[in-house]
Each structure stands twice: as C-alpha cells, then as structure tokens.
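Structure record follows, encoded as structure tokens.
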Protein chains: 2
Amino acid sequence: MGKKIVFCAGAPDPDLAYLKTISYDMLIGVDAGAKRLVDAGYVLDWAIGDFDSVEKPDSKESIVLPCEKDDTDLQYALMHVLSQENDDDIEEIIILGSLSGGRIDHLICNLWFVYQPRFQKWLTKYHLIEKGNTMRFYEPGEYTLTHDKTKKYLSFIGMTPLKALSLINAKYPLNKANYEYPVSLISNEFLTDTMTFSFEEGLMCVMQTADK
Amino acid sequence: MGKKIVFCAGAPDPDLAYLKTISYDMLIGVDAGAKRLVDAGYVLDWAIGDFDSVEKPDSKESIVLPCEKDDTDLQYALMHVLSQENDDDIEEIIILGSLSGGRIDHLICNLWFVYQPRFQKWLTKYHLIEKGNTMRFYEPGEYTLTHDKTKKYLSFIGMTPLKALSLINAKYPLNKANYEYPVSLISNEFLTDTMTFSFEEGLMCVMQTADK
C-alpha cells in the first residue's frame with residue numbers, strides 16, 4: 001500500500017470528520033485550512049500558504065508564500081509536497097476544503113488544476129472531498145465503483161468529449177454513448193452496492209453526492 | 001434593445017436583490033426558485049419544475065415536469081422558454097440560483113450546459129449571477145469589460161484550450177498567451193474602470209467575484 005497524503009485547503013467548513021475514518025501518512029494544511037486543522041487538534045507535517053488572512057499555526061515544517069504569485073496556495077502546496085515523493089509510492093492524494101465557499105472562480109480553479117500537465121500525472125490519485133460531495137478522476141478504461149451509502153447520487157462528468165461511455169448496473173444505464181462536448185450526467189444512482197463504467201477516450205470526473 | 005429574460009433556479013439563497021437593480025421582460029421560476037420568487041413578492045410569467053420538494057406556487061403559466069427525466073429542471077425551462085423567442089430579440093438571459101448550494105455536481109451541470117450544441121447558440125447572452133459571483137461566456141474576439149465595483153477580483157477561465165489570450169489594463173496582463181488545456185486564471189484585478197481582453201480560439205468564461 002502506498003502513501004495517503006492529505007491536504008486541507010482554505011475553503012470554509014472542510015469535512016474534517018472524514019479524517020477520523022481513514023489512516024494517512026502526511027497531513028498538510030494550506031493557508032486557512034492549516035489553522036482549521038490545528039484548531040481541531042491535528043498536528044501538521046506542513047503548513048503552507050501566504051497567511052494573509054489567518055495567522056500561520058504551529059507545524060513540523062512550514063512555508064510562507066508571497067501574497068502575489070502565479071499559483072494558488074493549494075497548487076504550490078501540491079507541487080512542493082508531491083514532488084518530493086516517488087510517484088509510485090503515492091496511493092491517494094486527498095484534498096479537503098477545495099470546493100466549497102463563496103468564490104466560484106476558486107472552486108473552478110481547484111477543479112481545473114487536474115488539466116495542467118504538471119498535475120495530470122497524479123490524475124487518478126486525487127480524491128476531492130467536501131461535505132456531501134466526493135470527486136475522483138479517471139482516464140479511459142473500465143472501473144468498478146462502490147456505493148458510499150451516505151450519498152444517494154452518482155454523477156458522471158465529462159471534462160472533455162467522451163467516446164463509448166457505458167454505465168452498467170446504474171439506474172440510468174448507457175451503452176457506448178459518444179459525446180462531442182463535455183457533458184454533465186448527474187443524479188444517476190447505484191442499483192446495488194457496486195456498478196461498472198467504462199469509456200475509451202476522454203477525461204472523466206465521477207462524483208458521489210447527497211442533498212443537504 | 002432586446003428582451004432580458006430572467007430565470008431563477010433552485011439553488012439556495014439566490015441573489016434576488018439583483019432583480020431590483022435591473023428591468024426585465026420575463027421572469028421564470030424554476031422549481032424551488034419559483035417558490036422563493038413568489039415568497040419574495042414577485043409575479044411569475046412561468047413556474048417550471050418537478051416540484052417534488054416544494055409546492056408549485058401561483059404563476060401566469062406553469063409546467064409540472066416528471067421527477068425522472070434526462071434534463072434538469074433548469075435545462076428544460078431554458079429550452080422551453082427560449083425556443084419560443086426569436087433569437088435576435090433576446091438581449092440577455094439572466095440566471096440566478098444556479099451555482100451555489102450543496103451539490104457540486106449540480107453546480108457543474110449548471111455551468112456545463114453551455115457546451116451543449118442546443119444551448120450554445122445563446123452562449124454570449126447568458127449571465128449567471130450568485131451573491132459575490134457573476135459569470136459570462138465569450139467566443140473568440142476582442143471585448144471591453146467594465147468593473148463591477150462591488151467585486152474585487154476578475155477571473156478568466158478557459159473552458160477549452162485557448163489561443164492568443166491578451167489581457168490589457170489588468171493587474172496581471174498577458175500578451176497573446178497560448179494554453180493547450182483549459183486554464184483557470186483567477187484573482188486578476190481591474191487597473192481602472194475598464195479593461196480589454198481578446199483571444200483567437202476557444203471558449204472563455206469571465207467572472208467578477210468578491211470574497212465573502
């Protein structure tokens with residue numbers, strides 16, 4: 001089993017309860033996310049951010065970034081920490097606190113980064129988690145998903161055009177459907193504990209979500 | 001001047017105060033958004049939705065959709081109402097209540113619809129508005145933007161690869177930059193009341209946003 005590395009970015013109300021359900025190898029607080037983790041009693045391996053709106057909390061190691069920079073604090077933290085690891089040793093990159101909050105441009109930015117060549121090599125390892133929302137990314141292939149019983153809905157989001165998308169054992173099945181444009185197929189559901197999907201070309205984001 | 005048509009979808013806390021700042025020709029409430037508008041004293045031209053979680057409010061005209069359908073309530077409402085208009089008569093399609101709330105798959109769906117061929121013909125007319133966030137879409141060309149003084153940040157989000165993106169009179173200018181992948185360039189700022197941007201290929205989303 002490889003390393004599970006957890007980042008907590010600065011969006012309000014990250015799902016810290018999730019941390020109690022898993023074991024992980026590194027915990028990185030990013031800007032306001034660092035303070036939220038420390039306030040909740042966690043010990044940080046790294047605190048990284050510009051800390052312009054919150055004080056930098058205690059951590060084993062830290063980096064204070066300039067306020068004006070090309071990358072977001074989260075992008076910098078991902079590159080800095082992941083680049084020090086052997087890619088084969090990384091099993092999962094869990095990102096909390098990246099998708100909720102007030103600024104929708106920030107949310108989009110925290111989703112779009114997977115397109116960047118420098119981040120894309122870890123594409124299948126990202127696991128973005130907010131309350132009621134989990135998100136993973138897939139390259140062409142065939143996959144079996146397990147139902148997170150706390151979330152009713154299963155959504156398939158084409159980040160690009162898609163070729164031959166099949167959904168098996170889902171409430172709304174598909175058989176080798178092609179989409180010439182990025183498509184958002186939401187509110188599907190598992191029929192049983194697991195379902196299978198496959199596609200031949202494109203980049204896919206899969207979410208399990210719950211109504212509030 | 002063409003028609004301004006306003007849709008209010010079902011995401012929580014739509015920015016109804018915005019309606020007091022503009023004049024518009026039609027007001028359409030979509031599912032929970034219909035009830036929110038009527039509760040706030042507005043008279044609806046249309047109420048459209050499956051109304052599975054809220055009661056259908058009074059309106060001049062209404063459509064009750066089945067709960068299980070391929071389109072979201074908002075997509076159905078857009079197609080139904082806009083298809084009855086002459087495209088040249090439509091000046092602006094204002095959409096409130098489509099981007100906030102708990103389910104991120106719904107948010108992405110309410111952004112992704114612009115990619116669909118049937119919706120893309122109105123691409124430059126959509127104006128998505130939430131508290132602290134406004135979003136418009138652009139085809140290749142040159143544009144001048146005016147600063148909404150209530151919002152500090154200006155973000156350029158490539159929905160596709162982009163060719164020759166220039167940002168003039170912005171805090172972080174660009175000169176004919178090319179991006180091979182969808183890129184999210186956020187937290188730029190106006191230097192004065194207006195700025196100019198241009199690009200030669202791709203599809204662009206521009207947001208003006210404010211911190212909460």
Original post:
Just in the range A:109-203: which GluC sites (Glu not before Pro) are loop by DSSP and have at most 15 other Cβ atoms within 10 Å?
Top reply: A:GLU180, A:GLU189, A:GLU200
Subject >> Whole-angstrom gap from the range A:47-67 to the range A:118-168, using each part's C-alpha centre >> reply: 31 Å
Subject >> Computed magnitude of the charge dipole of the range B:3-131 (debye, nearest 20; Cβ of K, R +1, Cβ of D, E -1) >> reply: 260 debye
Original post:
Between A:ASP25 and the same site in the other copies, what are the distances in nm, shortest first, taking label points 7 Å from Cα along the C-beta direction?
Top reply: 6.1
Original post:
Under the Karplus relation 6.51 cos²θ - 1.76 cosθ + 1.60, θ = phi - 60°, what is the ordered set of whole-Hz ³J(HN,Hα) values for the range B:98-115, x standing for Gly and Pro?
Top reply: 10, 10, 9, x, x, 8, 6, 5, 5, 4, 4, 4, 6, 9, 5, 4, 4, 6
Original post:
For chain A, what is the calculated [θ] at 222 nm in deg cm²/dmol (nearest 500), taking -39500 (n - 2.57) for each run of four or more DSSP H residues and dividing by its residue count?
Top reply: -4000 deg cm²/dmol
**OP:** List the distances, in nm to one decimal, from the label point of A:GLY41 to the label points of the same position in every other copy, shortest first, placing each label point 7 Å from Cα along the Cα-to-Cβ direction.
**Re:** 4.9
Original post:
Which of A:ILE168, A:ILE104, A:ILE63 moves the most in a Gaussian network model of chain A with Cα springs under 10 Å?
Top reply: A:ILE104
Subject >> Rg(Cα) / (2.2 N^0.38 Å) computed for the range A:3-131, rounded to two decimals >> reply: 0.96
Subject >> GluC sites (Glu not before Pro) restricted to DSSP loop in the range B:53-128 with at most 10 other C-beta within 10 Å >> reply: B:GLU55, B:GLU68
Subject >> Rough spin-label spacing in nm, given labels placed 7 Å along Cα→Cβ, for B:GLU180 and A:GLU91 >> reply: 3.3 nm
Original post:
Hey, got a sec? Which chymotrypsin sites (Phe, Trp or Tyr not before Pro) in the range B:19-103 land in a DSSP loop and have at most 15 other Cβ atoms within 10 Å?
Top reply: B:TYR24
Subject >> Chain A, rotation onto B, residue closest to that axis via Cβ, with its distance in Å >> reply: A:LEU107, 4
Original post:
Distance in nm between label sites at B:TYR24 and A:ARG118, each 7 Å beyond Cα in the beta-carbon direction?
Top reply: 4.1 nm
**OP:** Give me the angle, in degrees from 0 to 90, between the Cα long axis of helix B:73-82 and the longest principal axis of the Cα atoms of chain B, rounded to the nearest 10.
**Re:** 90 degrees
Original post:
Points 7 angstrom from Cα along the Cβ direction at B:ASP71 and A:ASP71: gap in nanometres?
Top reply: 4.4 nm
Original post:
What residue among A:TYR172, A:TYR126, A:SER187 has its Cα farthest toward the positive end of the dipole of the range A:107-212, where the charges are +1 on Lys, Arg and -1 on Asp, Glu, each on the Cβ?
Top reply: A:TYR126
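Taking the Cα centre of the protein assembly as shown as origin, work out the dipole magnitude from +1 charges on Lys and Arg Cβ and -1 charges on Asp and Glu Cβ, in debye rounded to 20.
I would put it at about 320 debye.
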Original post:
Among A:ALA34, A:ALA77, A:ALA170, whose mean-square fluctuation peaks in a Gaussian network model of chain A (Cα, cutoff 10 Å)?
Top reply: A:ALA170
Original post:
Within the range B:20-46, what residues put their amide N at less than 11 Å from the label point 7 Å along the Cα-to-Cβ vector of B:MET1?
Top reply: B:22-25
Original post:
Based on the alpha-carbon gyration tensor of the range A:137-209, what equivalent-ellipsoid semi-axes (square roots of 5 times the eigenvalues) come out, in whole Å, largest first?
Top reply: 19, 12, 10
Subject >> Net charge dipole size for the range B:137-209 [Lys, Arg +1 and Asp, Glu -1 on Cβ; Debye, nearest 20] >> reply: 280 debye
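Values quoted throughout were computed directly from the atomic coordinates according to the rules given, and no laboratory measurement underlies them. Small disclaimer: the values here were computed from a predicted structure and weren't measured. All Cβ positions, glycine included, derive from the backbone under ideal geometry; neighbour counts span all protein chains shown.
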